[in-house]
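**Q** So that we are looking at the same thing, I have put the structure below in structure tokens.
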Amino acid sequence: MTYLRGIYFRLAGVLTLVVLVALAANGALSHRAFERTLAPEVAKKMASVGSSIRALVLTAVENDIAFDELYGVEQRFDDVKNEAPEVSYVALTDVHGKILHERLKPPTGALEYFRSPEVLRLLETPDAKAVAMRVGEQYIVSLPIVSPERPLGMVHLGVDVRFVDEIIKDLLFDIVVVLLVSLFFTLELLHFMTGAKLEASVRVLVTTLERGASGNFATPSSVPEQTAFSSLSKLMSSALARVNTAYEALAREIEHGRRVPAHERLPGLTQAQAGLQELARRYRFGVERADASVAEGQLEKVRAPLFLFILAEELTRPFLPSFVKKLLIPLPGIPPEIVVGLPITLFMLIVAIGQPFLGVYCERAGYRKTMMIGAAIAAAGFFASAFAVNVLDLLLWRSLCALGYAMVFVSAQGYVLDHSAPVGRVRSFAVFVGAIMAASICGPSIGGILADNIGVRPTFSIAALLAIASIAIIQLMPQTRATRVAGTETRLPQLREIFALLGDSRFMTVTGLAAIPAKILLTGVCFYLVPLYVLTIGGTQAMAGRVLMAYAVMMVVIAPLTPALAKTRERMLWLVGGGLLLSGAGGLLLLAGSTIGWVFAAVVMVGIGQSLSISAQSALVSDHCEDAIARLGEGTVYGVYRLLERLGNAFGPLLAGILVLHFGYQPSFIVIGAGVAVSGLLFLTAAHRGAHLKLRPSLT
């Protein structure tokens, strides 16, 4: 199995390398194309601005105002700067290149450039196409001013080289983002088209080999369809069939020999019968039910639709708060800063409260049906959000998105549980989490780029189309219902159980000091503060998407490494506490600066901290709360833990909105970060004290 899987990974690696090389070449060519086309575009923009100045000058001259006696020119230059902020210098010169009027800082060598023969020669061709020329640290566009009687002079407009460099840098960032997203799309497509089928074929082949090596020659009752190794599998099946046929023939012949009279029996029949019994003890023959691992071949069918659906929701992350801000209407008693966070809060609240109910519905209706209904509801919510008039109807449409999200999430999670063997459940959930994290990397970055280039409302429509596309792939899943063991049905925790756990010191150490603060930080900082703050400091929605993308990248890179570190309770405590301290330090980074670089660094630190702590938190619940699990059951304890954790998700945007209302954006980062860091210190103190003193929980 390891050898065949290694072959698949090598093939996937080669294909990935080819895609990376192609994408890198495309990026390099795109960079050169941008450099070639950007200067002419800058010249066009400056020519348009300069034409308005030239028209005003010619109008003044026609009204008998001498060119060298114009007044109010500097004020007009100030208006130009307000209309086109990228303008870094404006000057008016005569036919000899002498500066008559100027505004802002001239580039080095400007006077020599204005008096150069190449520039003055433009007075002879007033209809020539404007060209941007580099002078010092600016690109200068010079336009001749020529009246019907004679040349008058020239208007020069400058654009700082750094402005052009920033545009190229933004374009390069977008190229890198598109390259990375294209790579993930390629990997997901490769996995969907070949990986899942090859994995299933390899699994059937290896299972057959392992069964034969262990002496199990029984043929399975059903063999799944294969697209790879089919010839080899048929040969092996034929060999198994021949072995079973020979065994059955030998058994029939011995049984027939035993039925004849004793004096007619062949010599050695007793030894043959003993040998047959020995074969039956050592080996297995006949037909038996297919191994559970074969059923796991169906597991891969949930990954592609889950990736597409989560991608649709992740597209909205970088622009949703700013979109809500544009749809604000006065709501009595609710400040605008809090209203901006309401759609995120409502979304998280519906997902938190709805999942247990939807889990019961999913067990009755089946996974495929529940996923299809959820995706359809979410698609309707996305489409309606694109036409939202104000924040009130947006709340309704986002509620539909939340309901659909919860249905798809619950059914996909249940599908993974039912189509994975207990021994391989960790590997099975890697498929589930991998689809979510891949979508979390691709969604915010692409969503920000789309919002900046085509608008927020069309991007909502694209999200709806992705949700609809996921329905088409969901139809490829088998129509199955949950196969729960009796007594493990999904149910809501009872109030007495919730209150009992709320009074349990060890449970609340993990939940109240670790899980809830981590979720408040995630939604309050990443979902609320970052998209809005990036815009307030001059960034774009695409930039907000890139920043949020960093969080998912850290999760993908670091999260798989933490289970190997969390081998003991002591290590889990330090991972959770250390992760909280690191996440909180991310918010505190804005004490050092307020630029986009500091915001990016803060999100990276939050991603690293969350990666360290989240996986260890879930494991720590069962390890740190043994008494609570013994009294109430593992399902109840984890149910309350997940419920409180999701409520933390819902509370994060509200807390961030309240802080922004009273202190502003930058202090809000700092306050939330400090709060999470303090929670990490309290968690480490309480957890180690409880572990050393072995405090008993206060359950009744």
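The values are calculated or read from the model by the stated rules, or taken from the named source; none is laboratory data. In this text the structure is predicted, and so the values were computed from the model without any measurement. Methodologically, a virtual Cβ is constructed for each residue, glycine included, from the backbone with ideal geometry; neighbour enumeration extends over all protein chains shown.
**Q** All but one of (1) farther than 29 Å from GLU62 by Cβ; (2) surrounded by fewer than 20 Cβ atoms within 10 Å (Cβ to Cβ) hold for PRO148; state the number of the condition that does not hold.
**A** (1)
**Q** Find the helices (runs of 4 or more DSSP H) located wholly in the range 249-337 whose residues include 2 or more that are at pLDDT 70 or above and under 22 Å from PHE347 (Cβ atoms), and list them.
**A** Because the criterion is at least 2 residues that are at pLDDT 70 or above and under 22 Å from PHE347 (Cβ atoms), the helices (runs of 4 or more DSSP H) in the range 249-337 that meet it are 303-314, 320-326.
**Q** Would the range 452-460 turn up any residue that is assigned to a loop (DSSP other than H, G, I, E, B), modelled with pLDDT of 85 or more and not polar (S, T, N, Q)?
**A** yes
**Q** Same structure again: From the list ALA564, ALA518, exactly one residue is part of a helix (DSSP H, G or I) and surrounded by 18 or more Cβ atoms within 10 Å (Cβ to Cβ). Which is it?
**A** Unique residue meeting the criteria: ALA518.
**Q** Follow-up. Looking at ALA110, ALA55, ALA66, can you tell me which residue is assigned by TED's automatic domain parsing to the domain that holds GLY158, touching a strand residue (DSSP E or B) at 6+ places or on another chain (Cβ under 7 Å), of a type in the set (Gly, Ala, Ser) and under 22 Å from VAL146 (Cβ atoms)?
**A** So the residue among ALA110, ALA55, ALA66 that is assigned by TED's automatic domain parsing to the domain that holds GLY158, touching a strand residue (DSSP E or B) at 6+ places or on another chain (Cβ under 7 Å), of a type in the set (Gly, Ala, Ser) and under 22 Å from VAL146 (Cβ atoms) is ALA110.
Conditions tested, residue by residue: (1) out of contact with any strand residue (DSSP E or B) (no Cβ under 9 Å at 6 or more places or on another chain); (2) in contact (Cβ under 8 Å) with a residue 40 or more places away in the chain; (3) closer than 30 Å to LEU591 by Cβ.
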| residue | (1), (2), (3) |
| --- | --- |
| ILE614 | yes, yes, yes |
| VAL621 | yes, yes, no |
| ALA630 | yes, no, no |
| TYR638 | yes, no, no |
| PHE651 | yes, yes, yes |
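**Q** Being aromatic (Phe, Trp, Tyr) and in a strand (DSSP E or B) is the filter here; which residues of the range 130-173 pass it?
**A** TYR139
**Q** Right, something else. Between residues in the range 329-345 that are free of Cβ contacts under 8 Å to residues at least 60 places away in the same chain and not assigned by TED's automatic domain parsing to the domain that holds LEU655 and residues that are surrounded by 23 or more Cβ atoms within 10 Å (Cβ to Cβ) and of a type in the set (D, E, K, R), which pairs lie under 8 Å by C-beta distance while being six or more apart or on different chains?
**A** So the pair list comes out as PRO343/ARG398.
**Q** Say we look at the range 69-126 and pick out the residues that are in a loop (DSSP other than H, G, I, E, B) and among the hydrophobic types (A, V, I, L, M, F, W, C); which of these is nearest to GLU41 (Cα to Cα)?
**A** Selected residue: ALA84.
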